[in-house]
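First up is the structure itself, then whatever we jot down about it.
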Amino acid sequence: MSTQTHLLRTLICDSRWHLFRPQVKGPGHHRRVWLQLYAAWPAQPSFGQYTPSAHPLKHYAEIAQAAVEVEQIEPKDPAMVETIKSMNERGIKTLYGRWLIDGAPRVLLFDTGTGYYKLDEWKADLWATAGIPSPVDDHETNEAIVFGYLIAWFLGEARELPGACKANPADQLLKERAVVAQFHEWLAGVALPLCKKRRIDVTTIFTTHATLLGRYLCAGSVDFYNNLQYFDVDAEAGKRGIYHRYCIERGAAHAADVFTTVSHITAYESEHLLKRKPDGVLPNGLNVKKFSATHEFQNLHQVHKDRISDFIRGHFYGHNDFDLDKTLYFFTAGRYEYRNKGVDMFIESLARLNHRMKSSGSDMTVVAFIIMPAQTTSLTVEALKGQAVIKSLHDTVKSIEESVGKRIFERSLKWHEGQDLPEDKELVTPQDKIMLRRRLYAMKRNNLPPIVTHNMMNDGDDPILNQIRRCQLFNHPSDRVKVIFHPEFLNSANPVLPMDYDDFVRGTHLGVFSSYYEPWGYTPAECTVMGVPSITTNLSGFGCYMEELIENAQDYGIYIVDRRMKGVDESVNQLADYMFDFTKKSKRQRINQRNRTERLSDLLDWKRMGMEYVKARQLALRRGELRSCISRIGRVVFPTTGPKPSLTQPVTPAYPDSFEGDEEPGFFDGTEMKITRPLSAPGSPRERSGMMTPGDFASLQEGREGLSTEDYIAWKLPEEEDPEE
Ligand code: UDP
Ligand code: G6P
């Protein structure tokens, strides 16, 4: 295998991930196969550095990791065997096996480094075929091009192999059956125009999880959402040096049979920036079973809260003048995208919260954590010392406790009637007192407890630290809001805060994600399934989805800040209000709210969200069918520009029985999903009869030309609103 600089790009076949299985029908029916194509989401230098996260789409094996993450097996499908063999003979290294994650999907990894000998040829072809330019020095784009060409090579050969399949047709998955290939993100998008141009016999879906241009524009200081339809997209991409990447993304969106995004807000953005209306929304789900702790989750909260409290004792040594029983842990976490993730708003709101708590004489304390990886050199001596002095104190107290116990026991053994009980002075010896005094002196501190746990590379220029400085949140004893910036993702091997992220979340009271740009937002969704209330915004996919689904969402611990219709100052105040109201809740109210939050888990389960993937595949199969009919009668296949052929035209499909009424196995077959009204709160999720998925709002529908602007959930431009309503 080649060097670390090349990622093994992944082709996931027969994906049982997300619980989807190829449908097996009786004789005469075509079984379906789908392929999911993913690419890594590597560093975006302009957005701080990247740390691989638990996000499934980012979970791609680097070469060193492949060996531990993938168990190599021999492929059985003859077309797969032949194609891999033929590619290997021409110098392309591959690894076929089972990816050792839930569902153990079969994966085919391509070592992109071995395809570079053809890079120049492929770049020239990409320009000739799709008019997509590519500069020499953009490594990420080169990777995307090599990956795209390898995928097109693989699919083309696997589908066309002449007579390779003498085996039982039932085993000939790739050759004999309909293939749906789903591509995620622009990094996997190069293959899409190639599949189309070469008329490879697959039907395709392109799912974008954000738009490149949207991410870049929002990170700057533009009024993004009010100007979406006015951006000169080519010029904006050019100014940011991403024109070629933008072309790949846009080309992929237009070449795919079915184009989807992860939320309505991103669908709207894609329509304007990529110039194609998505056909539907495939929101991100979670494997709720993995997080599910049923009745245990409240206990887990207590257990992990105690671990966070241990850290707090160390971090605030010498200043532990607040009652940990009356302390609430708030946090925000994610990649370091200062403006996109709304950290600017979070810190400003914390300052206002601090002011309100002080002036109202609140006896509560809020410790707000910011978990965002930045460039650091090491943990600070102060952070390490804090944990060390508290540990020494703890050890000393424990040893005194043991020796006092021993002395009481000894004295009690010798006790005779008429004698006094031992005096305290006799129990705690002068040596014990000296030891204890030494520990107390070690806790003396002339400075305030630090904000940041690590030595920052760019302390003076760091936007988070500068905002904290501007707001003067310095962890002063009089502050009711303390701030801790942990510029590294959490893990249990960390000597200062030794906790995995999930455990940490469980131990907190409130997640705050005041994002400006957030196509979906896993962090608040993870909070929900772990029973932790969260604050999001109506500019995040998750926020819009929950807002649409639940009435009185606040009762369920889902707070949504309006960043769309309100001015910045108003939004900051709304966020501060939410947090302030939260500090006024009693313990009992917090416990009840957590119970209600956790009950929302099913709304976020892949079992529900996955329905949209099923619909997308069905639509892709139908469109693929239509396309092959049109091409059989010699008509042009979907043009890249101009209107698409109507899908409502009567077409005689090649396999009339295959797809007609041929539903994927229903996840909720026979059940009517209704979200029950909680007994403990007045509000309830919207009562709807029947199963509810994001698609029920307006999404992947047969015969439609895609979403229309009116379809976007809870998302309209101000001027588009009907004044009558
Ligand atoms: N995360 C993590 N460790 C941390 C903090 C965050 O693994 O210390 C993960 C978190 O579980 C979530 C992901 O980072 O799955 C962030 O995903 P999100 O969708 O919120 O943001 P994105 O990175 O997609 O913009
Ligand atoms: C859980 C535990 C309770 C604990 C409570 C603390 O519900 O089961 O034993 O009292 O958490 O809640 P709090 O919001 O104060 O952290």
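Each of residue 125 and residue 320 was given a label point 7 Å from its Cα along the Cα-to-Cβ line. The distance between the two points is 6.6 nm.
Cβ neighbours within 10 Å, averaged per peptide: list 248-256, 618-626 in order, most packed at the top.
Numbers: 248-256: 25.3, 618-626: 22.0.
Going from most to least packed, we get 248-256, 618-626.
Relative contact order, whole percent, for the stretch 470-591 stands at 15, derived from Cα pairs under 8 Å and 6 or more residues apart. Using a probe of 1.4 angstrom and keeping all protein chains present, the accessible surface of the stretch 307-423 works out to 48 square angstrom per residue. The gain in end-to-end length when the residue 565 to residue 235 segment is fully stretched comes to 116.0 nm, 0.36 nm per residue minus the alpha carbon separation.
Work through the residues other than residue 274 whose Cβ is under 9 Å from its Cβ and net out their charges, Lys, Arg +1 and Asp, Glu -1. Charge balance in the 9 Å sphere: 0.
Hey, got the dipole for the stretch 466-505? About the Cα centre, +1 on K and R Cβ, -1 on D and E Cβ, debye to the nearest 20? All intermediate terms of the calculation are to be shown ahead of the outcome.
Details: 4 positive and 5 negative charges, 87 e Å.
Roughly 420 debye for the stretch 466-505.
On a full-extension model of 0.36 nm per residue, what is the gain between residue 403 and residue 289, subtracting their alpha-carbon distance, rounded to one decimal in nm? Gain on extension, residue 403 to residue 289, equals 36.3 nm. Couplings for the stretch 287-303, taken from phi via the Karplus curve 6.51 cos²θ - 1.76 cosθ + 1.60 with θ = phi - 60°, read 7, 4, 4, 4, 8, 4, 10, 5, 6, 6, 5, 5, 5, 4, 4, 5, 4 Hz in order; Gly and Pro are left as x.
Before anything else, pin down the relative contact order of the stretch 206-347: Cα pairs under 8 Å, at least 6 apart, normalised by residue count, whole percent. Walk me through the intermediate numbers first.
Details: 109 pairs, mean separation 36.3, N = 142.
That works out to 26 percent.
For the stretch 528-617, the Cβ-based charge dipole about the Cα centre amounts to some 400 debye (Lys, Arg positive; Asp, Glu negative; other atoms uncharged).
Once you have the Cα-Cα distance between residue 358 and residue 136, take 0.36 nm times their residue separation minus that, and quote the gain in nm to one decimal. Kindly include the intermediate steps, with their values, before the conclusion.
Values: separation 222, 0.36 × 222 = 79.92 nm, distance 5.73 nm.
Contour length minus the Cα-Cα distance gives 74.2 nm.
Can you check what the net charge comes to around residue 518, using other residues whose Cβ is under 13 Å from the Cβ of residue 518 (Lys, Arg +1; Asp, Glu -1)? Result for the local shell: +4. Using the Cβ-Cβ distance between residue 461 and residue 298 with R0 set to 35 Å, the FRET efficiency works out to roughly 0.25. How high is the FRET efficiency between residue 446 and residue 585 when r is their beta carbon distance and R₀ equals 30 Å, given to the nearest 0.05? Efficiency at R0 = 30 Å is approximately 0.25.
The values are calculated or read from the model by the stated rules, or taken from the named source; none is laboratory data. Bear in mind the structure is a predicted one, so any value in this text is a computation, not a measurement. All Cβ positions, glycine included, derive from the backbone under ideal geometry; neighbour counts span all protein chains shown. Areas reflect the complete protein model, heavy atoms only, side chains present, ligands, DNA and RNA absent. Shrake-Rupley method; radii C 1.70, N 1.55, O 1.52, S 1.80 Å.
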